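Colleague: My questions will all concern the structure given below.
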Amino acid sequence: MTEPILTVRNLTKRFGGLVAVNKLTWHVYPGEVVALLGDNGAGKSTLIKCVSGVYQPEEGEIRFRGERVRFNRPIEAMAKGIETIYQDLALAQNLDVPANIFLGRELKHRYLGGLIRMLDEKKMTQESQQALSSLHIHFPDLAQPIESLSGGQRQAVAIARAVYWDARLMIMDEPTNNLGVPEQKKVLELIRRLRDQGVPVILITHTLPDVFAVADRLMVMHRGRKVTEKKTADTNTEELVQYMVGARDDTLHEPGLPR
Amino acid sequence: MTHSDTTAHEHHDGDASPKSVGHRIAIGLSRLWAWVFLALLIIFFVVSVSVTSGGTVNFLTLRNSQNILVAITPVLLLGLGQTFVIIAAGIDLSVGWVMSLASVLSALAIRAAFNAGAPLFLSVIAGLFAAVGGAAVVGLFNGLIIAKLKVPAFIVTLGSGFIVRGVSLLMSENTTVIGLPPGLRDYGNNALLYYLHGEDGGFYFLFRPELTGDALRRLDPIFMWPVVVTAIVVALMMFVLRRTQFGRHTYAIGGNLEAARRTGIPVDRHIIMLYILSSATAGVAGLLSTLRFNAGSAVIGDALLLQSIAAVIIGGVSLFGGAGTIIGTVIGALIIAVLTTGLVMLNVAAFWQFIVVGAVVIIAVLIDQSRDLIIGRRGRE
């Protein structure tokens, strides 16, 4: 079996008396789309925020590409290639597509030995165009501000940005929320394309049809614990719902009853 | 607009293109309206001044246009820094008072340097350092408290403005700073060019011709030094806002602070720099007023804060942050100055100026909002 790209071992994160993530162990392998499922408050977001450097776990370890990592800030996780796309996408609505793809990492011309540094708009536009075409995304006009784009297009810009900056692992939080059906399909297609390009994707979602459409494997959390981990092909909607509401739990040796 | 969705893999978007056309038209119009308004205003005053004076007074004379330019320099300088701050969704209420402080500081520095035997030019340089340096300290204070202690900019800059006002009055001993070197006036009142009207007239470059009596009244300075300095600062600020990373990050912070933070923009440092910049341009305004009036005044900028904000808003900068241009602020300042001068020349009582400027501010914001409706700007959550 190949080495996991991400390993989470015995991870625990507490908020005061509340145990949001409870001794959780989980692996993500290269070239797969893994869905992370669970009801509200199951601990999905907390787990992801530990991986992406927003929170620091109390116990347990995280290994990424074979190396033990501990992120104090999200930017440190990004530097290692863990890109997280939250629902709000972290785009500046008032800036255009290239400005967003290069936000914080703008390309510059240097004059007078670096004394004067001008934005290299032409290069940024070209590179953006390339990054988008590599994902088969085509915008009629890159120079329009993000606020005039559709939800799916914004999602595409956020994904293209992550890919351009060499994402090794993409974490996406409810990427199809608030999108129309055609746009949802396009985003799911993008996720498949990412996987085909060798970028594993963790998909946090409530939307079970999305899971069956793109995920190779899935993991379900309930009250901070992992209750099951399966191949998508080996399960069905009904079973997943039971896991999500806590009616089933593989960590107990008999089918659990809701408490 | 139709798309041929030839391949299933292409992410064409049906609803983007029609929007982008309407969007472009709306942006174009919204940028245009201020120019159109300024032009209409000038035409209105040319005609009405001419009619009411029976054809004896011309609004658009060389002298009058130069007076307008000189009059807007302090408002514009305050507005330039303010433009950056407001684009980044902040506000700097201290700028008028900082300008007063800079006027006092520069006057004290110039007087001290000159009395210590420094040549006039070096004394002015000392004044520049005192004005901009002193102002920058206030900006640093504002920025640090806003960025690091997360106190709202409105409150911090209001408070620091009061403090600065007190300090200015203390340092100037509750009066104006006088006793400045006699030649100092030239720095604030000489010009790049002069034009002498009449048959023996013509242009004079840099040097003011020696004239007396009647001939003096036929001489018009063109581009007085405060105007030249302000124009240089305007050009610099346009460059910084449009062509540099600093400008780009200013827009990003105003558009989505959280996104700016997450993409690794040093947001706190940037905010501190913005308030230093805002104070520094107010510092330049303070120095220029000292040079122009040959005295430091602890109250010279007090009334200019709201005018500068009005210029910024008329120029299309969004108070919610994320949008605005330097050229817009320049036009905004011009509109206010043309309005004020024109009304004076029409012999309209002074208090009407306030009523008209106030109405223009509100109309400007209404126009910007209707633009936002047209281009479908979404809420900035």
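Colleague: Whether any residue in the range A:26-34 is without any contact (Cβ under 8 Å) to a residue 24 or more places away in the chain and part of a strand (DSSP E or B) is what I want to check.
Modeller: Yes; the residues of the range A:26-34 include at least one that is without any contact (Cβ under 8 Å) to a residue 24 or more places away in the chain and part of a strand (DSSP E or B).
Colleague: Any idea which residue in the range A:37-68 is nearest to the other protein chains (Cβ to nearest Cβ), counting only those that are more than 18 Å from the chain's Cα centre (by Cα) and assigned to a strand (DSSP E or B)?
Modeller: A:Glu67
Colleague: Can you pull out every residue in the range A:116-145 that is closer than 17 Å to B:Arg242 by Cα and not polar (S, T, N, Q)?
Modeller: Across the range A:116-145, the qualifying residues are A:Ile116, A:Arg117, A:Met118, A:Leu119, A:Asp120, A:Glu121, A:Lys122, A:Lys123, A:Met124, A:Ala143, A:Pro145.
Colleague: Hey, could you check the range A:113-129 for residues that are more than 9 Å from chain B (Cβ to nearest Cβ) and of a type in the set (A, V, I, L, M) and say which is surrounded by the most Cβ atoms within 10 Å (Cβ to Cβ)?
Modeller: Among residues in the range A:113-129 that are more than 9 Å from chain B (Cβ to nearest Cβ) and of a type in the set (A, V, I, L, M), the one surrounded by the most Cβ atoms within 10 Å (Cβ to Cβ) is A:Met124.
Colleague: Right, here's the next one. Quick check on A:Gly17: is it without any contact (Cβ under 8 Å) to a residue 12 or more places away in the chain and not hydrophobic (A, V, I, L, M, F, W, C)?
Modeller: Yes; evaluated as a whole, the condition is true for this residue.
Colleague: Find all pairs meeting these conditions: Cβ atoms under 8 angstrom apart; at least six residues apart or on different chains; first residue within the range B:246-268 and more than 9 Å from every other protein chain (Cβ to nearest Cβ); second residue in a helix (DSSP H, G or I) and of a type in the set (Gly, Ala, Ser).
Modeller: Here the result reads B:Val267/B:Ala147; B:Val267/B:Ala260; B:Asp268/B:Ala147, each pair linking the range B:246-268 to a residue that is in a helix (DSSP H, G or I) and of a type in the set (Gly, Ala, Ser).
Colleague: Take the conditions within 21 Å of B:Ile300 (Cα to Cα), under 24 Å from the mean Cα position of the chain (by Cα) and crowded, with 20+ Cβ neighbours inside 10 Å and apply them to B:Gly188. Does it pass?
Modeller: Considered against the rule, which asks whether it is within 21 Å of B:Ile300 (Cα to Cα), under 24 Å from the mean Cα position of the chain (by Cα) and crowded, with 20+ Cβ neighbours inside 10 Å, B:Gly188 comes out as yes.
Colleague: Among the residues of the range B:227-251, write down those that are at pLDDT below 95 and closer than 18 Å to B:Gly283 by Cβ.
Modeller: none
Colleague: If you don't mind, there's one more thing I want to ask. Identify the residue in the range A:84-112 that is touching a Lys or Arg at 6+ places or on another chain (Cβ under 6 Å) and more than 9 Å from every other protein chain (Cβ to nearest Cβ) and, among all such residues, is surrounded by the most Cβ atoms within 10 Å (Cβ to Cβ).
Modeller: Per the criteria, the residue is A:Ile101.
Colleague: Report whether or not B:Ile362 is in contact (Cβ under 8 Å) with a residue 40 or more places away in the chain and either surrounded by fewer than 17 Cβ atoms within 10 Å (Cβ to Cβ) or under 21 Å from the mean Cα position of the chain (by Cα) (or both).
Modeller: Spelling it out, it is not the case that B:Ile362 is in contact (Cβ under 8 Å) with a residue 40 or more places away in the chain and either surrounded by fewer than 17 Cβ atoms within 10 Å (Cβ to Cβ) or under 21 Å from the mean Cα position of the chain (by Cα) (or both).
Colleague: Follow-up. State all residues of the range A:141-182 that are farther than 15 Å from A:Thr84 by Cβ and touching an Asp or Glu at 6+ places or on another chain (Cβ under 8 Å); if no residue qualifies, say none.
Modeller: Within the range A:141-182, A:Leu142, A:Ala143, A:Gln144, A:Pro145, A:Ile146, A:Leu149, A:Ser150, A:Gly151, A:Gly152, A:Gln153, A:Tyr164, A:Thr176 meet the criteria.
Colleague: Within the group B:Gly342, B:Gly301, which residue is closer than 17 Å to B:Ile91 by Cβ and in contact (Cβ under 8 Å) with a residue 40 or more places away in the chain?
Modeller: After ruling out the rest, the residue left standing is B:Gly301.
Colleague: Kindly indicate whether B:Thr290 is in contact with a strand residue (DSSP E or B) (Cβ under 8 Å, 6 or more places away or on another chain), under 18 Å from B:Val227 (Cβ atoms) and assigned to a helix (DSSP H, G or I).
Modeller: So B:Thr290 fits the description; yes.
Colleague: Can I ask one more? Determine if the range B:201-213 includes at least one residue that is more than 14 Å from chain A (Cβ to nearest Cβ), of a type in the set (Lys, Arg) and in contact (Cβ under 8 Å) with a residue 60 or more places away in the chain.
Modeller: No, the range B:201-213 contains no residue that is more than 14 Å from chain A (Cβ to nearest Cβ), of a type in the set (Lys, Arg) and in contact (Cβ under 8 Å) with a residue 60 or more places away in the chain.
Colleague: What number of residues within the range B:86-102 satisfy the criterion of being assigned to a loop (DSSP other than H, G, I, E, B) and within 16 Å of B:Phe141 (Cβ to Cβ)?
Modeller: Going through the range B:86-102 one residue at a time, the tally reaches 5.
Colleague: Would you mind finding the one in B:Thr290, B:Thr325 that is of a type in the set (S, T, N, Q), at pLDDT 95 or above and touching a Gly at 6+ places or on another chain (Cβ under 8 Å)?
Modeller: Within the list B:Thr290, B:Thr325, the selection yields B:Thr290.
Colleague: On to the next question. Restricting to the range A:155-173, name every residue that is in contact with a strand residue (DSSP E or B) (Cβ under 6 Å, 6 or more places away or on another chain) and over 8 Å from A:Val199 (Cβ atoms).
Modeller: Residues satisfying the conditions are A:Ala158, A:Ala162, A:Ile171, A:Met172, A:Asp173.
Colleague: Would the range B:45-67 turn up any residue that is surrounded by 24 or more Cβ atoms within 10 Å (Cβ to Cβ), at negative phi and under 21 Å from the mean Cα position of the chain (by Cα)?
Modeller: Looking for residues that are surrounded by 24 or more Cβ atoms within 10 Å (Cβ to Cβ), at negative phi and under 21 Å from the mean Cα position of the chain (by Cα), one finds none in the range B:45-67, hence no.
Colleague: Within the range B:119-207, which helices (runs of 4 or more DSSP H) (wholly inside it) include 1 or more residues that are of a type in the set (A, V, I, L, M) and touching a strand residue (DSSP E or B) at 6+ places or on another chain (Cβ under 9 Å)?
Modeller: B:153-171
Colleague: Also, I was wondering about something else. Just give me the residues in the range A:63-79 being over 19 Å from B:Gly264 (Cβ atoms) and either charged (D, E, K, R) or crowded, with 21+ Cβ neighbours inside 10 Å (or both), in sequence order.
Modeller: A:Arg63, A:Arg65, A:Glu67, A:Arg68 - these are the residues of the range A:63-79 that are over 19 Å from B:Gly264 (Cβ atoms) and either charged (D, E, K, R) or crowded, with 21+ Cβ neighbours inside 10 Å (or both).
Colleague: With the checklist (1) under 13 Å from the mean Cα position of the chain (by Cα); (2) closer than 28 Å to B:Thr61 by Cα; (3) surrounded by fewer than 20 Cβ atoms within 10 Å (Cβ to Cβ) in hand, flag the one item B:Pro226 doesn't pass.
Modeller: (3)
The values are calculated or read from the model by the stated rules, or taken from the named source; none is laboratory data. Being a predicted model, the structure only gives us computed values, none of them experimental. Quick reminder, even Gly has a Cβ in these numbers, built from the backbone with ideal geometry, and neighbours come from all protein chains shown.
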